[in-house]
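Notes follow the structure.
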Amino acid sequence: MLDAPRSSPSDRSLVSVRDLKMHFPIHGGLLRRQVGEVKAVDGVSFDIAEGETLGLVGESGCGKSTCGRAILRLYDPTSGEIMMDGTEIARLPQTQLRKMRPIMQMVFQDPQASLNPRMTVEAIIAEPLDEHTSMSKAEKRERVLELMDAVGLNRAFATRYPHAFSGGQRQRIGIARALALNPKFIVCDEPIAALDVSIQAQVVNLLEDLQRQFGLTYLFISHDLSMVRHIATRVAVMYLGKIVELAPRDALYGEPRHPYTQALLSAVPEPDPDMQADRTVLQGDVPSPANPPKGCNFCTRCPQVMGICHEIDPEFRELAPGHFAACHLYNETSPRTEAPRHNEPTEVQQGDL
Ligand code: SF4
């Protein structure tokens, strides 16, 4: 197994993921036998240093949300290792996993769907305290009010129900609940995707403020490359269950190496039309994770595909300090032979990501 990419500040890794796989069985036929598997996450490795934000980007269905959930053990991974604050949790039994829950939390995409409409804000935020602490009722109430202050919610609204709040306020409730047990690590799974554009920046700024205040570490999952550029320390790009490029933010946005990253970045709208780089036109559709292509996962769409790409899965290698990519273009020994293209060009749009 390759050495996983280390985080740039790299004082201490809070989260270390090694060769993580999350495959879901496909059942078919009369006897419902397993006839295949969806390789949603197919061997990803990375570290996240304490206090940093790792952005995880890619198109819908590339496996980024599944990856985040598997790291928190909301799924049982098929294989691989997950070190969380010094404890290996990939195969930890549920009883022991429960003790780890306070340090790792999640902020969900849709605050409307993730909050129980029959519970008051106070009850929602206090729920983790009920589960994991023996605080008295008065202590819990005080803690809830502190958390409401921290996320910018008016204390007077503690007895209201989620429907009385706007989308942005509901996401603040979700963030307050995630903070209740003083976590170290939070997976933010598209936390702003369901919000109006006008309030997305407010929620991202709040997450940044909370990170500074409480020393939080984030895995920030998003299809919004502009927002990830704003918040992330480093960025990992995922395609069809694999990380194809990982680099410090400025290196990834300034000098993307992988053809897929280049295509994604060329699809980000620029406010100044003169600054808009030529768009990279990709070949074909995203293959099914149940039937990924042989060789490089991106070979059916890559504008720079070579013969070897259809045969051999490229190694994920370090091209510059902290800058990793999986592509034969950067392998000195790879022959540069053009392979025929099979699909009509399609353009990656920011909205598709
Ligand atoms: Fe493109 Fe080949 Fe690199 Fe894959 S390995 S990204 S197909 S050039």
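The values are calculated or read from the model by the stated rules, or taken from the named source; none is laboratory data. Just so it is clear, the structure is predicted and the values come from calculations on it, not from any experiment. A quick note on method: Cβ atoms are made from the backbone with ideal geometry, for glycine too, and the neighbour counts reach across all protein chains shown. The accessibility values were calculated without ligands, DNA or RNA, using every heavy atom of the protein model including side chains. Shrake-Rupley method; radii C 1.70, N 1.55, O 1.52, S 1.80 Å.
Residues in the stretch 299-327 that are within 7 Å of the ligand (Cβ to nearest atom) and touching a Leu at 6+ places or on another chain (Cβ under 7 Å): Gln304 alone.
Leu147 falls short on exactly one of the conditions (1) in a helix (DSSP H, G or I); (2) over 20 Å from Pro191 (Cα atoms); (3) open to solvent by less than 70 Å² (accessible area, probe 1.4 Å), and that condition is (2).
Of the set (1) at pLDDT 95 or above; (2) assigned by TED's automatic domain parsing to the domain that holds Ala326, all apply to Leu265 but (1). Residues of the stretch 92-121 that are assigned to a helix (DSSP H, G or I), open to solvent by less than 70 Å² (accessible area, probe 1.4 Å) and aliphatic (A, V, I, L, M): Leu97, Met100, Ile103, Val121. Restricting attention to the stretch 77-91 and to residues that are touching a helix residue (DSSP H, G or I) at 6+ places or on another chain (Cβ under 8 Å) and without any contact (Cβ under 8 Å) to a residue 40 or more places away in the chain, the residue that is surrounded by the most Cβ atoms within 10 Å (Cβ to Cβ) turns out to be Ile89. Only one of (1) closer than 23 Å to Lys99 by Cα; (2) out of contact with any Asp or Glu (no Cβ under 6 Å at 6 or more places or on another chain); (3) buried (at least 18 other Cβ atoms within 10 Å of the Cβ) is not met by Leu153, so which one is it? Going through (1) closer than 23 Å to Lys99 by Cα; (2) out of contact with any Asp or Glu (no Cβ under 6 Å at 6 or more places or on another chain); (3) buried (at least 18 other Cβ atoms within 10 Å of the Cβ) one by one, Leu153 breaks only (1).
Mind checking which pairs have a first residue in the stretch 200-215 that is in a helix (DSSP H, G or I) and a second that is open to solvent by 50 Å² or more (accessible area, probe 1.4 Å) and not charged (D, E, K, R), Cβ under 7 Å, 6 or more apart or different chains? So the pair list comes out as Val204/His230; Leu206/Gly152.
Does Arg172 satisfy being within 30 Å of Met83 (Cβ to Cβ) and open to solvent by 10 Å² or more (accessible area, probe 1.4 Å)? No: the conditions fail for Arg172.
Scanning the stretch 82-118 for residues that are over 13 Å from Ile71 (Cα atoms) and hydroxyl-bearing (Ser, Thr, Tyr), we see that the one that is modelled with the lowest pLDDT is Ser114. Of all residue pairs spaced 6 or more apart or on separate chains, those with beta-carbon atoms under 9 Å, a first member in the stretch 51-70 that is at positive phi and in a loop (DSSP other than H, G, I, E, B) and a second member that is hydrophobic (A, V, I, L, M, F, W, C) and modelled with pLDDT under 95 are Gly58/Leu264; Gly58/Leu353; Gly61/Val286. Scan the stretch 240-266 residue by residue and report those that are under 28 Å from Ile175 (Cα atoms) and crowded, with 23+ Cβ neighbours inside 10 Å. Selection gives Gly241, Ile243, Leu246, Ala247.
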